[in-house]
Amino acid sequence: MPQLWQGRSSKAVDDRVNDFNSSIRFDARMLKQDIEGSLAHCAMLAEQGILTEADSDAIRAGLNGILADVERGTLAIDPAAEDVHTFVEQTLTARIGAAGKRLHTGRSRNDQVAVDLRLWLREACAGLQSQLTQLCEALCAQAEQGAGFVMPGYTHLQRAQPVTFGHQLMAYAWMLLRDKGRLRDAVRRMDAECPLGSGALAGTTYPLDRFATAAALGFDAPCQNSIDGVSDRDFCIEIAAAIAVCMMHLSRLSEEIILFCSWEFKFVELDDAFTTGSSIMPQKKNPDVTELIRGKTGRVYGDLSGLLTMMKGLPLAYDKDMQEDKEAIFDAVDTLALCLKTLTPMLKTMTPLPANMRAAAARGFINATDCADYLTKKGLPFRDAYKCTGTLVASCIERGKTLEELTLDEFKAFSPLFEQDIYAAIDLTHCCEGRQSYGGPARASVLRQVEAVREKLKEA
Ligand code: ARG
């Protein structure tokens, strides 16, 4: 397939340069969007009297035919084409003759690729958003079931205060809901302005109706500066950033699952279908899925930092460096999609082990704050109550006891304020349920969160 730009050169371009220059092996996936953009451009050209109706009819039929043939597998993408835009235009011309050569009137590949990529990302982000919805739903279902499972909550990975398994899981649901919102915001901004009609960089002398193409392609309006139109890749960077933040959340969730399914914790059991074995250690059941998600997070950060670095020194307007945007953003999208596809069913099939959670909660003095609060409510200033409980814990550790194993006399030795009701005050379920503050770990709060998240998931 010859280049679109033959004519200026005195000799054929070296094969190695052609191979190096070509983007067809990765931009072919924008074929549908390239045709969509071309159809809108062609319809507008005809409407404006720049193309005849006959030419525009032939182009429209030709473009639709190419898309249909590629989709049904009867037309192969030519790997020798320079890029997807070249492939479509040249196939069109081969099929319909001279009219095909008129399609590029008033257009450049610079504004064309800027539109194609936006259209591609719009669809891709909608897919990611619906996958995020499914993951949030899986978290809600597990949280609903585990709303009353008492487990230790951690700070510094040290047992800190009692929470519920449902509360811990819902923390992730809220993060993922924000991730969904970040994608939605980025897409909204991307969809606000259409670059088509910017031409190579300086607009065109043809009487284009840029408002018509912008509307036909689902944008709010045409962009107001043609140089900005072809040189802006903020949308790629914003989407990559939203994806990177989301991967960071998935990685933290993965890390906790890795910990929680280990023998050290054993708070959850992963379904055998979502674990792998070891070739040498017959007892092993490995959480490879979550480890891979944690690992792939670094790769997505690489995509984002590659995009930022690629753009940082570019003079306006289009530079070929920008062809590198696609592999990075495609990889970020593909990686997140792949992770979500596997993580969601893994979470759905995960079995919580509430007895183990509770046993862990019983050791580690996670009710010490509640003990101090008990004394405070009996009139002791909190700082004194804190100190008294601290010495009580130290003496328990020395004697190998938990707080609830102490007799009332042993309690009273530390403070006369202790009465029989101390046992209820430091009971773990009571400690969780007593945390009635809005957004707390109590069962009712978890169920309220589940409701709220489900409600928000219904929003676009
Ligand atoms: N394949 C190119 C890209 O992805 C399309 C735009 C080419 N424009 C140009 N002036 N060479 O960036």
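The values are calculated or read from the model by the stated rules, or taken from the named source; none is laboratory data. Every value quoted in this text rests on a predicted model; they were computed, and no experiment measured them. In this analysis, Cβ positions are derived from the backbone assuming ideal geometry, glycine residues included, and neighbour counts consider all displayed protein chains. Heavy atoms of the whole protein, side chains included, go into the accessibility calculation; ligands, DNA and RNA do not. Shrake-Rupley method; radii C 1.70, N 1.55, O 1.52, S 1.80 Å.
Enter the accessible area of H430 (Å², nearest 10), with the probe set to 1.4 Å and all protein chains included.
We get 100 Å² for H430.
Give the calculated FRET efficiency between V393 and Y438 to the nearest 0.05, with a Förster radius of 51 Å applied to their Cβ-Cβ distance.
0.95
Could you order peptides 175-185, 372-382, 395-405 by the average number of other Cβ atoms within 10 Å of their residues, highest first? Present the calculation step by step, with values, prior to reporting the outcome.
Working: 175-185: 18.6, 372-382: 16.5, 395-405: 12.9.
Ranked by mean Cβ neighbours within 10 Å, highest first: 175-185, 372-382, 395-405.
In the chain, which whole DSSP H runs stretch at least 15 Å along their own axis (Cα) and average 1.0 or higher on the Kyte-Doolittle scale?
Correct list, ordered by number: 234-260.
Where does each of W174, W5 land when they are ordered by accessible area, with a 1.4 Å probe and the largest first?
Most to least solvent-accessible, the answer reads W5, W174.
So with the 1.4 Å probe, I'd like the accessible area per residue for the chain, rounded to whole Å².
47 Å²
Report the Stokes-Einstein translational diffusion coefficient (µm² s⁻¹, integer) for segment 238-352, Rh taken as the Kirkwood radius over Cα pairs, at 10 °C with viscosity 1.306 mPa s.
Result for D is 101 µm²/s.
Between T407 and Q158, take the C-beta separation as r, use R0 = 25 Å, and let me know the FRET efficiency to the nearest 0.05. Intermediate values should be presented prior to the final figure.
Working: r = 28 Å, r/R0 = 1.10.
Efficiency computed from Cβ-Cβ geometry: 0.35.
Among the aspartates and glutamates, which fall within straight-line cross-link reach of K320, defined as a Cα-Cα distance under 17 Å, with same-chain neighbours fewer than 8 residues apart omitted?
Cross-link targets: D19, D27, E82, D83, D111, D116, D228, D232, D234.
Report the relative contact order of the chain, percent, no decimals, based on alpha-carbon pairs under 8 angstrom and at least 6 residues apart.
Numbers: 637 pairs, mean separation 79.3, N = 460.
So the answer I get is 17 percent.
Return the lysines within reach of K180: Cα separation strictly under 18 angstrom, same-chain partners fewer than 8 residues apart disregarded; answer none if there are no such residues.
The reachable lysines, counting only those whose Cα sits under 18 Å from K180, are K341, K456, K458.
Just to verify a number: FRET efficiency for A452 and A126, C-beta to C-beta distance, R0 = 41 Å, to 0.05?
Efficiency computed from Cβ-Cβ geometry: 0.95.
Within a Cβ distance under 14 Å of M248, other residues only, what is the Lys/Arg minus Asp/Glu net charge? Display every interim value, and only then the final one.
Working: positive: R178, R182, R252, R294, K296, R299; negative: D179, E255, E256, D303.
Result for the neighbourhood of M248: +2.
Need one value: the accessible area of R294 in square angstrom, 1.4 angstrom probe, rounded to the nearest 10.
90 Å²
For segment 322-370 and segment 122-195, what is the separation of their C-alpha centers, rounded to whole Å?
First find each Cα centre; the distance between them is then 10 Å.
What's the whole-number percent of alpha carbon pairs in the chain lying beyond 29 angstrom?
Counting pairs separated by more than 29 Å, the tail of P(r) holds 61 percent.
Out of the total accessible area of the chain (probe 1.4 Å, heavy atoms of protein only), what percent is carbon and sulfur?
55 percent
Return the distance in nm (one decimal) between the two label points of a simple spin-label model at S9 and K320, each offset 7 Å from Cα along Cα→Cβ.
Result: 1.0 nm between the two label points.
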